[in-house]
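Reviewing the structure listed below.
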Amino acid sequence: MFRSSIAATVVSGLGILSLGTTAAHAAGPSGLIAHRAVYDLELKDASDRSGIAGMFGRMVYEFDGSDCTGFTTNFRFVTKIDTGDSTRVSDQQTTTFEDLGKRIFRFETKSYTDSQLDKDVRGAAVEDQKGIKVDLTQPHSKQVEVIESRFPTEHMLDIIHNAKLGKNFFEAQVFDGSDDGDKPLLATTVVGKEQTPAKDDPDAEKAGAFASKTFWPVTVAYFNEKSTGDAMPVYRMSFKLYENGITRDLTMDYGDFVLTGKLTKLEVLDTKACQ
């Protein structure tokens, strides 16, 4: 799934289509399908050091486009955080575009606390002879060179490819424009054996036509790019991954606290096939 899954929003009114086996499910050579997924978030665990007494929210993840036109991701992650003394609402909004053929990646992330803008990071990255060249336009204009890295959709395809091969562990540098947009993260991925959803799995039912399809349990841990030895990850995400790129049953571990994300709505978006 997505490294940018560090933010989301409570939204309503998303119409959900019946997930039949229609042309709307068409996928290009990559096998990924356009979709909008809504996840309800709950606090699973929090240490005393976190200062969090309670936390809940919603994440909306929209993946659209095609192999020939490029893929656009709109991601929003909103949580209400209770510290015991006060509450605050954190809202992160991310938009990215990725061209798999040209290896171009554009990104913009806005972070809000109680509706006040805290951070706005924008830029574009492209492959060059040295690795990845990043042009940042916000909050300041600058250029940086980072080591050869995979972009988010490429990394998702790498996970699916390795899962099909039965390769259950691999590492990759991943650049997704997160944080200050000027460095990649080292992603270590563990892929479990392909499974069929249990009959009493309520989360699977929300996957509509895909409810009975097989999936892989996946865990991705993200480390600072130069981490070595027994370094602690920046954060860790576990999820159930379908071959078409849809994910469910999320667990997001940020060290001091852990969130779960349950798929509550899924809409497959109509995408024109490449000519």
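The values are calculated or read from the model by the stated rules, or taken from the named source; none is laboratory data. Being a predicted model, the structure only gives us computed values, none of them experimental. Surface accessibility is based on the protein's heavy atoms, side chains included, excluding ligands, DNA and RNA. Shrake-Rupley method; radii C 1.70, N 1.55, O 1.52, S 1.80 Å.
The stretch between PHE170 and LYS265 holds 31.1 nm of extra length on full extension. This uses 0.36 nm per residue minus the Cα-Cα distance. Taking only the Cα atoms of region 35-265, the radius of gyration and Dmax are 18.0, 53 Å. Given their separation in residues at 0.36 nm each and the Cα-Cα distance between them, GLN143 and ASP256 gain 37.4 nm when the chain is fully extended.
The H on the amide N of ILE104, modeled in the peptide plane, is under 5 Å from the matching H of ASP99, each at least 5 residues off or on a different chain. Calculated accessible area for the chain comes out at 50 Å² per residue, all protein chains present (probe 1.4 Å; ligands, DNA, RNA ignored). The share of alpha-carbon pairs in region 132-275 lying farther apart than 20 Å comes to 57%.
Among LYS164/LYS213; LYS119/LYS240; LYS80/LYS119; LYS44/LYS164, which pairs are too far apart, with a Cα-Cα distance over 21 Å? Going by Cα-Cα distance, LYS119/LYS240; LYS44/LYS164 fall outside the 21 Å limit.
With contacts defined as alpha carbon pairs under 8 Å and 6 or more residues apart, what's the relative contact order of the chain in percent? Normalised by residue count, the contact order of the chain is 22 percent.
Using a 1.4 angstrom probe on heavy atoms only, work out the carbon and sulfur share of the accessible area of the chain in %. Write out the running numbers ahead of the final one.
Details: 6580 of 13660 Å².
Carbon and sulfur atoms account for 48 percent of the accessible area of the chain.
Connecting C-alpha atoms closer than 10 Å in a GNM of the chain, tell me which of ASP64, ASP176, ASP201 has the biggest fluctuation. Among ASP64, ASP176, ASP201, the largest GNM mean-square fluctuation belongs to ASP201. For region 176-260, the pair-distance distribution built from all alpha carbon pairs, in bins 5 Å wide starting at 0, is 3, 13, 21, 19, 17, 12, 9, 5, 1 percent. Once the chain from SER86 to LYS213 is taken as fully extended at 0.36 nm per residue, the excess over their C-alpha distance is 41.4 nm.
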